[in-house]
Structure formats: structure tokens, C-alpha cells
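We did not get these values from a lab; they are worked out from the coordinates using the rules stated. Given the structure is predicted, the values throughout are model-derived calculations rather than measurements. Neighbour counts are summed over all protein chains in view; Cβ atoms, including those assigned to glycine, are modelled from backbone coordinates with ideal geometry.
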Protein chains: 2
Amino acid sequence: MKITEIKELFDLNESGDAKIDEFSESITVGGWIRSIRDSKTFGFISISDGTCFKTLQIVYDDTLPNFKDISKLNVGAAIIVSGRLVLTPGAKQPFEIQADEVMVEGNSTSDYPLQKKRHSFEYLRTIPHLRARTNTFQATFRVRSLIAYAIHKFFQERGFVYVHTPIITGSDCEGAGEMFQVTTLNVDELLKGNNKSAEDVEKELSYEDDFFEKKTSLTVSGQLDGETYAQAFKKIYTFGPTFRAENSNTTRHAAEFWMIEPEISYADLEDDMELAEDMIKYIIEYVLDNAKDEMEFFNSFVDKGLLERLNHVKDSDFGRVTYTEAIDILKEHNDEFTYKVSWGCDLQTEHERYLTETVFKKPIFVTDYPKDIKAFYMKLNDDEKTVAAMDCLVPGIGEIIGGSQREDDYDKLIKRMKELGLDENEYKFYLDLRKYGSTRHAGFGLGFERCVMYLTGMSNIRDVIPYPRTVGSLV
Amino acid sequence: MKITEIKELFDLNESGDAKIDEFSESITVGGWIRSIRDSKTFGFISISDGTCFKTLQIVYDDTLPNFKDISKLNVGAAIIVSGRLVLTPGAKQPFEIQADEVMVEGNSTSDYPLQKKRHSFEYLRTIPHLRARTNTFQATFRVRSLIAYAIHKFFQERGFVYVHTPIITGSDCEGAGEMFQVTTLNVDELLKGNNKSAEDVEKELSYEDDFFEKKTSLTVSGQLDGETYAQAFKKIYTFGPTFRAENSNTTRHAAEFWMIEPEISYADLEDDMELAEDMIKYIIEYVLDNAKDEMEFFNSFVDKGLLERLNHVKDSDFGRVTYTEAIDILKEHNDEFTYKVSWGCDLQTEHERYLTETVFKKPIFVTDYPKDIKAFYMKLNDDEKTVAAMDCLVPGIGEIIGGSQREDDYDKLIKRMKELGLDENEYKFYLDLRKYGSTRHAGFGLGFERCVMYLTGMSNIRDVIPYPRTVGSLV
């Protein structure tokens, strides 16, 4: 049985070359019932098959032998319909199917949690296995998928090598946040106070007995490993899950999220910013081209002004301002901020948004931050006070990307590590890169969920992850 | 400074339209020294910049002011060279650069571990941060990247939605293997026998105190969650890391590896096999088209016969045989096997390879396995003894893909779960799919590293993962 996809029908219809007449004989479609209503002799069913945002209208009548059974179907039921496609000029939908046969693939019980009414996002979070069947989450998770692909496409077309940096790590030196421990030690027994191995009740357990014979954690960043591959392939990117065991119960923090971390050799901070700008524009363009219905939905029902904002970003030349200049600008408006700024402080979201929305009115890169508020691996500028860092700020949310040129000088890197009390032995692999053919190089990190929120206008990170993991919550 | 990539030069040269003359003025290239040799008045340097498999020859002579310093450079050093591109008909390489200037971007110390000689894979595993600079690992990890992209491209072009199923899971019901525990409990203290929280030394710790307020693990498969999204989007795929805490120290097992798990609704086992066959052929074709040099290298130096085998797979119609038929065939050759077969046994690699290499001489799907050797969720056939499972076997390695149609009947699924003593409450979300618009559906799993090994001929899983994690070993 050949099942025609709803997307195929709409694509043909929109292509305008009347190929849709090819279907004038009889076609078969399958989908899940979004709504159903009937009168005495006929009825309408709206189905979604998940291949596109649009639904398809089915018309059925009492010439069908199972007319009464069809009318009793519940929302959520899966059906397969054979019939003729009929153009409906002037109607809301461009065409519909007049059913010759309606087969029930799987009925739905009357307690189906997604009735045809508006459900709150909070409620939908309690049924993550079903919420992708609603308009909002169909749109969100299709766009999430398209963004992921756009990112791969962007980097692969430019010859970048995709690197899977490890998830389980033996170092606690990635330095970007609190870590989850990974273990095969019997924690159940340890909680009972029983620190003995089963094989030998006399023997006390230690990390020697753990799977990797040492203490291990979930990665918080692939950057340092990514750099090792950039010194072999020139241009690489990572795209994988990262983890933070932080007790932050906000709309923007998840314990498990995906990150993209490109790294480029023979490249400086300017090359890094160009790459970031090109990437953001490419993603926006790809999504606008490939998810028109979804983006219009978000613009109408989730975040009015979204399309205008994204188009503006796509068409702007991103601005540049140093941290020092930015502080000078912001200081003049300190009375408008909750947190007052002065040179040396970290920028808060209120400052970032003020710069990009009110001052520059477009995306900007803020560069050359004080070394003391940035990571040890960032390249020290000649002033010895600032580092070659950049944050990309966009209207609507503030920071979306953070990156830097990396310190490529062995002696300067060692000096900075010592100042910060870092253990050289933990970073031997990283220091090797500065001994064996060191190059100027740079990279940045893009939080994938932050990017999905930005492109969809969805405001809670729990609503852009299929099964979100946040503190105290794992559905 | 515009740095031209070596790939660009070779692409232009191979395009045959003499555009390479555009570079007759002066160009700048950058790369890492693979070899260097000099005589009194001139020298040759071979550099790689990681953008392609080929190296570029630099010729320099004593008209350069730093001639002597150049000659002292070590293998591994990073240089930037400006000069003229000169075609060298008849020579091993099609062109070379005659240097007007050689700048040292970063020297390499004489203890550089990758001298110009053959290193064993075992040795290279001890320097995972450097091994990608060798021919074999350049080829392996570029092909790994290309395979990953081919997989995304294949599914996205067909309208599949990419789903990030969760890495941290609260269920231990995925059933595919031993799991790693994920925790923020203070294991260091627990090992000391100190089961008290720091805040309140009187209070004993429990999973209530863990990050998610319950016991959590690393996922072993995204399939069950993937199915929930296939019932919303019709066609989905996952591509993410999975974990097995199994004490298997073999050349084919890693504790951390990536899996691709597509799932299709309104689809049966036949549709599933067609999808798998199309995908494998697509990946092979993509890699052969986009990594010619690398694949020829593997064919010459790693696995003679590789290209012939892959081309054969690409051009074959995959065969079909039921498990029962396969057992009948194999039984006749039981004297050739270490493990003798009989109906009901699981197939070993020796049996799988015999079927695909000796009997069918092409890739095959073995279908309809005994239910007792397959997972609970596979669809029961009418004979009530077998399930609608399929394994795809390919010459050279045996099983590369395993999949099945899923049990979509609520009552049959519950019955099977009870037979196997599974806890219904743990699977409520999964059972819901059979209550609310259940559809026939199917899917499969492809172990990504297994796929990379198959396409490169690399025989140890440790050599196709940038930073492999295996039992007792985490570099």
C-alpha cells in the first residue's frame, strides 16, 4: 500500500504547475486525527501525518459502510484514508480528500490527553511523549531538527571536520561548571554504608574498582579536545551533548544540553567573528527557507515580531565594540540598570541587551574582555590586561555565542595557569599543542538550545528539548 | 593575510580547466611539516594543512635570508609560506610551491612523537591528541566526519526529523545492557563510609539528595523515546552517544559509542529493510565520492579489497532469508563451525559471515527470529514463535544493523511484558503509544563506529574514536 505524504500534496499544490491533477484517480493517506465533526449524513476529519505543519481535511459521508464507526472515532486515532483529492478554491484549505474508504489503523481512547483545546506548556511538559503532536511542539521540534542540520551543512560545506569529543571524561579541568560523576561503583550499597566489594567482603572499594579505574565525569565542554583536532585538520567542529550539574532552576538552564564548538587554526579573533556571523546568518536563512509555516506560526502565536527580528539579523553587518568602549557607553546609563557597571565587571543580560537593542540596534561582537573574568586559555592581548575574547550579542536575548582566540604561546599559557593554580599535569596534552607546531587559532561555543529558543521565540528551555533534564526533574 | 588551502589547489588542478594559473602571481599557504630535507643550497618541505589527504611540496633555497633556520625546522612545525605555484609535469606531485618567504608560525621540539616513520597503532593510541596528524588517522577521522554527515543528509533529504533523545535516563528499562550511573552524590565521602550530608551530619544521604532526586544512568538506546516522536512526525532518527558498562575488552566494544536509530510509522518490516538498504548504499556512495584519496589509502595500506567489497555492496540487491531458512542452510555445515546451530540459538559472527560471504555472496537481511532471543517490543508474528525482526549482514563483518517492526497491539505488548516480568509502570509512556492512535511502525539501530570500521577497514574500534573509552582505559 503506497501512502502519500501530506507534505507531498502541499508541495505539489504550491509548485503551481497543476501536477496535483496526477492524483485525480485515487490516493491513500495516513495520519492522526486532530479534529472530527459530523452531521447526520457526512463529516469532516482533520488529520496530521507529521510530515509538515499543515493538516489535511477528509470529507466522508454515509455511503461508507462504516460511517457510524468513523463518526465515533476519538481525537488522536490513527487512520488510513483512500479517496479522491479535490481542489477547493475559496475554502480555507486549498484541497481536501473525499473519502472512498476510511480504515482505522489504531483508535484512541476517550482519555486522550490532547483534546482539541489549548493546553498550557506546563501541562504539556508532564506528557513529553505526546506533546510533539500539538502545533507548538510540532513546529518547535521540526525547527530544532532543521537547525541541527543547517549547522552540519554550514560546516561541512566549508570543509570542517566533525569531531565527536568524548562524553565521559577523566579530567575535572574543563573548568566550565559543576560536573556529574559517572560510575559503576555500587552506590546503592555505599549509601547503606557498605563499602565492601561483593567478591571479597574484606576488600574496601576505591576508584580502582570503578569502570575506568579512576574517577570520571560527564563533559562540560569539548573545546580542549576539539583544539587537538584543529591542529590536525585546520577546521573542525563538535556537536554533542554537554552537562552541568548546576542548581539553577531558571527558564534558560538545563543540566543536559547540546553544544556546537568550532575551532579554526591559522586564524585569529577576526576570523572567528566572521565565522560566527556567517554561521548565524546561514542558520536563520536555512530555517526561514525550510520551515515557512512553522516560522509564521511562531511569529503569530508565540513571539510577535520574531520574523522581523530574524530578518534584521540576517541582513545586518554585525557591529564591533571593545569591552572597554562598551563599559564607557553603559556607564552613562548606569541609572537604568539594576547592576551598575564599571571596568572589570562581567556584563549582565540587561547590559548586553541594552547594547545590542538600544545602542547598536543590531547584533554586535563585544571583544577584548578583562582577563580576570575570562578563561585561562584565552590569548593575552599586548596590554596584558585584556584577552582576545568575543561575545556575540543579538537583539532579543543578549549573548548567543562566546569565543576567543586561544593562547598559543607555551610560556604565556604556563604562566597564566600558574597564576590560577591549575595543575600542569592535567593539561599535558593541551600544552603539547603549544610545543609541536603551535598555530594562532580561535573558536567559539554556541549553546544549541539557546539557538533554538532564539529562532523559535520559545522562552523556556524545557520546551525546546524533547525530554528536558533540569535540577530535581527528569520525566 | 589570505591563506589558500591545499585542498583548493588540488581541486583546481583536478578540475582540469587550468584555473590554477590564477595562482601564478603569488600565494600563501600554511601547514604542518610532515618531512623536510635539505642540501647545501636548497631544500624540500612536505606540508599538510589538514584540509585534504594530500601534502604539498615546498621548495626553498639559499636566496632566502632565513635559509639556515628553515633547514633546522623539525617535523611537526607549523609554517606559513608565500611563493609561486609551479606545475611539475612528470613529477610525483602535480605542482609545488617555490618559496619566496617561509615564516615560522610555531616550531616543534625535537622530541615530537610523530617522526617520519611508521608508528604502531598501539603506540599512537597513547597520544590521541596527536595521532590525527598521521596519514591513517587523518583518513579515518575525515571519513568518520563524512559518514556522519552522509547519515544526516540521507535522513534530512527524506524529511526525517532528527531527535535528540536524552542521555541521562531515569529508567533502567532500556534493557540493552549494563548501565553507568550518573550522580552528584559525594562518592568520595561514601567510599570513606561517610553517609552523611555536609549540611546536616545527622542526615543520611539517599537518592532524594541526588541531582534529579532519583537514581539516574547513561542511556543505552534512544529507541523507546524515539518511538514516541515517530508517532508525531511519522519519520524520525536519533544520532547520539550511547553507553554500555560492559566488561568486554575486545576490538569491537567501546563503553561510549554513537548510535543512529531511525523509526518510521505507517511502516512494516519490509519498509524498514528498504530504508536500511538505501541508507547503507547512500553512505558508501557519499564516502566514495567525497573521500577518494582516503579510500584509496585504506584500500592500499589498511584493508586490501575494501573498495571492491564496498562497490559490490553498493551495487547489490540485498538478499532476504528467514531465520528458519538460514538455520536449515547452516545446519548442513555445522561441522565447519565452532558453535553448532539449531533452531532457537542466536547466530554468531561465524554464522553470519558464512551466510553473507559464502552462501549469498552479498548483503542479506535475516528476518523473523525466535521471539525468545529478541527484545520484548518486537512484533509477534502469526506463528506466535517468531518476531518481525531483521538483522542486516554484510560481507567482511557480519551484522551491521539490527531492527524490527514494533509490537503495536496494546494487549499483545502487555502480555509479552508480563511473560518477561517487566514492570508496566516503568513503561507507561510506551504503552500510551498503543492506546492513542497506534500505528504499525518499525525501526533499526546502526552502531556508528561499527559503520566507520566497515567503511575504512580499520579493525579496532579504538582507532575510529578520537578519544576511545573502554573498560579500564580512558586516556
Problem set entry | At 7 Å out from Cα toward Cβ: B:ASP278 inter-copy label distances (nm, ascending) | 3.3
Problem set entry | Sparse-neighbourhood loop sites, GluC sites (Glu not before Pro) in the stretch B:126-219 - DSSP loop, at most 10 other Cβ within 10 angstrom | B:GLU199, B:GLU202
Exercise. Once you sort the root eigenvalues of the Cα gyration tensor of the stretch B:256-404 as a ≥ b ≥ c, which label holds: rounded (a/c under 1.5), prolate (a/b larger than b/c) or oblate (the other case)?
Worked result: oblate
Problem set entry | Innermost chain B residue relative to the axis carrying B onto A, by Cβ distance in angstrom | B:LEU190, 2
Exercise. More than 23 Å apart: what percent of Cα pairs in the stretch B:246-335 qualify?
Worked result: 54
For this session: Averaging sequence separations of C-alpha pairs under 8 Å and six or more residues apart, then dividing by the length of the stretch A:324-392, give the relative contact order as a whole percent.
Result: 25
Problem set entry | Cα lying deepest toward the dipole's positive end in the protein assembly as shown, options B:VAL182, A:PRO262, A:PHE337, charges on Cβ | A:PRO262
Exercise. So what does log10 I(q)/I(0) come out to for the stretch B:6-106 at q = 0.24 Å⁻¹, using the Debye formula with one equal point on every Cα and no solvent?
Worked result: -1.39
Seminar exercise, completed: Output field shielding_mean for A:139-146 (other chain Cβ, 10 Å radius) holds 4
Problem set entry | Which listed pairs, of A:LYS340/A:LYS385; B:LYS214/B:LYS412; A:LYS68/B:LYS385; B:LYS54/B:LYS116, have C-alpha distances above 27 Å, in listed order | B:LYS214/B:LYS412; A:LYS68/B:LYS385
For this session: Normalise the Cα radius of gyration of the protein assembly as shown by 2.2 N^0.38 Å (N = residues in it) and let me know the number.
Result: 1.00
Problem set entry | Helix-only mean residue ellipticity at 222 nm for chain B, each DSSP H run of n ≥ 4 adding -39500 (n - 2.57), per residue, nearest 500 | -8000 deg cm²/dmol
For this session: Using only alpha carbon pairs under 8 Å that are at least six residues apart, calculate the relative contact order of the stretch B:1-158 and give it in whole percent.
Result: 18
Exercise. Which of A:MET295, B:MET103 comes first, and how do the rest follow, when ranked by fewest Cβ neighbours within 10 Å?
Worked result: B:MET103, A:MET295
For this session: From other protein chains only, count the Cβ atoms within 10 Å of every residue's Cβ in A:261-268, then give the mean.
Result: 3
For this session: Assign one of three labels to the stretch A:188-270, namely rounded, prolate or oblate, based on the Cα gyration tensor with a ≥ b ≥ c the square roots of its eigenvalues; rounded applies when a/c is under 1.5, prolate when it is not and a/b is larger than b/c, and oblate otherwise.
Result: oblate
For this session: Tell me the distances, shortest first, between B:PRO94 and the same position across the other copies, using label points 7 Å along Cα→Cβ, in nm to one decimal.
Result: 4.6
For this session: Could you line up B:THR242, A:THR51 from fewest to most neighbouring Cβ atoms inside 10 Å?
Result: A:THR51, B:THR242
For this session: Provide B:PHE243, A:PHE376 in ascending order of the number of other Cβ atoms located within 10 Å of each residue's Cβ, fewest first.
Result: A:PHE376, B:PHE243
Problem set entry | Packing rank of A:78-89, A:217-228, A:300-311, B:125-136, where each peptide gets the mean count of other beta carbons within 10 Å, highest leading | A:217-228, B:125-136, A:78-89, A:300-311
Problem set entry | When the convex hull of its Cα atoms is projected in every direction, mean area for chain B (nm²) | 30.4
Problem set entry | Partners for A:LYS361 among lysines (Cα-Cα distance below 19 Å; same-chain residues under 8 apart left out) | A:LYS281, A:LYS304, A:LYS314, A:LYS331
Exercise. Relative contact order, percent, of chain B when contacts are C-alpha pairs under 8 Å separated by at least 6 residues?
Worked result: 13
Exercise. Which distances in nm, rounded to one decimal and ordered from shortest, link the label point of A:ASN290 to the equivalent label points in the other identical copies, with labels set 7 Å from Cα toward Cβ?
Worked result: 1.3
Seminar exercise, completed: Yeah, the stretch A:132-199 with a ≥ b ≥ c from its alpha-carbon gyration tensor (a/c under 1.5 is rounded, else prolate when a/b outruns b/c, oblate otherwise) is oblate
Exercise. Using alpha carbon centroids, what distance separates the stretch B:412-440 and the stretch B:214-271, in Å?
Worked result: 18
